[in-house]
Amino acid sequence: MIKREGTVDYALEKSVYVEMRISRLKEKMSANGIDAVIIRKPETAFYFSNFNPVLNSHPAFVVVTLDAEPCLLVHSIRCAHAKEEGALKRVELYGKWGANVPLAGKAADAIRLLVGKEKLCLGMELDDISMDFYQEIQEVLHPDKIVSVSGLVNMMKIIKDEYEISCIRKSARLVDRGVETAIHALERGCSEAEAATEGQYAMRKLWHEKFPDMEVCGFGTSEGGMIDSLHVWCLSNGHIAYGCDCPKHYHPQNGDLTLPMAWAKTGGYHAENERTIIIGELDSYKRRAYDGMLRARESIFNILRPGTAFEDLYRAAAQVYTDYGFGDILPGRVGHGIGCSAHEFPSLAMGNKIALKPGMVITVEPGLMDKGWGGVRHSDTVLITEEGYESLTKYNMGEISIQIRG
């Protein structure tokens, strides 16, 4: 049963939930004849260890075998960080840094020692690793077979546990505050960029007040870290068609469509809120698009319950847009999964016949975009429950119209 906020047993928290995930992974490994799994993708390594190195210039790995204790393998420079924040009991090292003693100089050699044997069936996330690492693992471990566990892991992550949901709830509160503050700033006459700054500051203040013990770091790349994942941006008119871009020092005018958006990651888990704002009075075309967007969302929420297929959500929204005369610019999807990533498996799109289940967290965001006139999109982060759904983002889900006072 999906619990409401405040009912999560925080005494269990990270380590027990990670242990449960590892146990489920081992069951799937056994069922599929997989002897060992190497996890390298930062978001997935976090899922199975609760460790985020922030900067992945030296990758962190989770190594799981059927007959040994799971291991978090990190570069020696990450030793203290991994032992303090990771949820796996066993932490091993590779590479040289200070007085730390590694298993081996290279990660692949350390993995060989952890796996302990050759001629095995090895699972890796083949949709994420480089060819160089793939070839290095082949040369060092000599596996009989390498199989992809990307789909298997995606299906595991699609159902959130109580700890994950509790983190997403916190992120949802932050993004609600960010978007609401940005809208009020626009109403005062701020530019897109100024409104985004005000929204980000408000999110940080709420983080300090309500969740001071929770990290808001994101998952960086091999060349850059993400210390702060509290983001607000705002796009207007044709710029909306860019989807994700830097706000400009543009002051919205009467007749504009403006789209403030917020992302936040709390304890490693993401939420988003997006709200299209009417500035003054719209022309008839934009007005029809906006009304169609609200009706398309309504058509999704009407059938948002366990047992509904993802593609049925898309069909419902697409039919509304077609009825409103926008069949030639239908979106490719009307939402997506959300969790450790902002855009996570699966997509709310045609061809996705997976049925909704309690514990899934998705976005509902049927939108229209066109460079000629702009776009319309509200996005909410939504939890599927036994009875239907709960919208975790709650700020003004209907029409939002403002008059610029500045």
Listed residues N52, N56; which is surrounded by 23 or more Cβ atoms within 10 Å (Cβ to Cβ) and either in a loop (DSSP other than H, G, I, E, B) or of a type in the set (V, I, T) (or both)? N52
Residue check, K145 touching a residue at least 12 places away in the same chain (Cβ under 8 Å), open to solvent by 20 Å² or more (accessible area, probe 1.4 Å) and among the charged types (D, E, K, R): yes
Among the residues of the stretch 178-188, is any out of contact with any strand residue (DSSP E or B) (no Cβ under 8 Å at 6 or more places or on another chain), hydrophobic (A, V, I, L, M, F, W, C) and touching a residue at least 24 places away in the same chain (Cβ under 8 Å)? no
Across the stretch 309-322, what is the number of residues that are touching a residue at least 12 places away in the same chain (Cβ under 8 Å) and open to solvent by 40 Å² or more (accessible area, probe 1.4 Å)? 2
Residue identified as of a type in the set (G, A, S) and either within 18 Å of G375 (Cα to Cα) or touching a Cys at 6+ places or on another chain (Cβ under 7 Å) (or both) among G218, G267: G267
Do any strands (runs of 3 or more DSSP E) lying entirely in the stretch 331-403 carry at least 2 residues that are open to solvent by less than 10 Å² (accessible area, probe 1.4 Å) and in contact (Cβ under 8 Å) with a residue 60 or more places away in the chain, and which ones are they? 361-364, 374-376, 380-384
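Mind checking which residues of the stretch 87-120 are of a type outside the set (A, V, I, L, M, F, W, C), part of a loop (DSSP other than H, G, I, E, B) and open to solvent by 20 Å² or more (accessible area, probe 1.4 Å)?
K89, K96, G98, N100, P102, G105, K106, G116, K117, E118, K119
Check G220, G255, G224 and return the single one that is assigned to a loop (DSSP other than H, G, I, E, B), without any contact (Cβ under 8 Å) to a residue 40 or more places away in the chain and surrounded by fewer than 22 Cβ atoms within 10 Å (Cβ to Cβ).
Details: G220 fails: without any contact (Cβ under 8 Å) to a residue 40 or more places away in the chain; G224 fails: without any contact (Cβ under 8 Å) to a residue 40 or more places away in the chain.
None of the other options fit; the residue is G255.
Assess whether K157 counts as being exposed (fewer than 14 other Cβ atoms within 10 Å of the Cβ), at pLDDT 95 or above, farther than 30 Å from Q253 by Cβ and of a type in the set (D, E, K, R). Give the derivation first.
Details: exposed (fewer than 14 other Cβ atoms within 10 Å of the Cβ): no; at pLDDT 95 or above: yes; farther than 30 Å from Q253 by Cβ: yes; of a type in the set (D, E, K, R): yes.
Taking the combined requirement at face value, the residue does not satisfy it.
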Got at least one residue in the stretch 126-140 being in a strand (DSSP E or B) and touching a helix residue (DSSP H, G or I) at 6+ places or on another chain (Cβ under 8 Å)? no
Cβ-Cβ under 7 Å pairs, at least 6 apart or on other chains, the stretch 77-95 side on the phi > 0 side of the Ramachandran plot, far side open to solvent by less than 20 Å² (accessible area, probe 1.4 Å): G95/H75; G95/S76
Of all the residues that make up the stretch 220-264, how many are at pLDDT 95 or above, aliphatic (A, V, I, L, M) and under 20 Å from W207 (Cα atoms)? 5
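Please go through the stretch 28-49 and pick out each residue that is within 21 Å of Y17 (Cα to Cα), among the polar types (S, T, N, Q) and open to solvent by 10 Å² or more (accessible area, probe 1.4 Å).
Filtering the stretch 28-49 down to residues within 21 Å of Y17 (Cα to Cα) leaves 28-30, 36-49.
Filter again for among the polar types (S, T, N, Q), leaving 30, 44, 49.
S30 - this is the single residue of the stretch 28-49 that is within 21 Å of Y17 (Cα to Cα), among the polar types (S, T, N, Q) and open to solvent by 10 Å² or more (accessible area, probe 1.4 Å).
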Conditions (1) part of a helix (DSSP H, G or I); (2) buried (at least 24 other Cβ atoms within 10 Å of the Cβ) -> G123 fails only (1)
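The values are calculated or read from the model by the stated rules, or taken from the named source; none is laboratory data. The structure presented is a predicted model; accordingly, all values stated were derived computationally and were not measured. Neighbour counts are summed over all protein chains in view; Cβ atoms, including those assigned to glycine, are modelled from backbone coordinates with ideal geometry. To get the accessible areas, we keep the full protein, side chains included, count just its heavy atoms, and leave off ligands, DNA and RNA. Shrake-Rupley method; radii C 1.70, N 1.55, O 1.52, S 1.80 Å.
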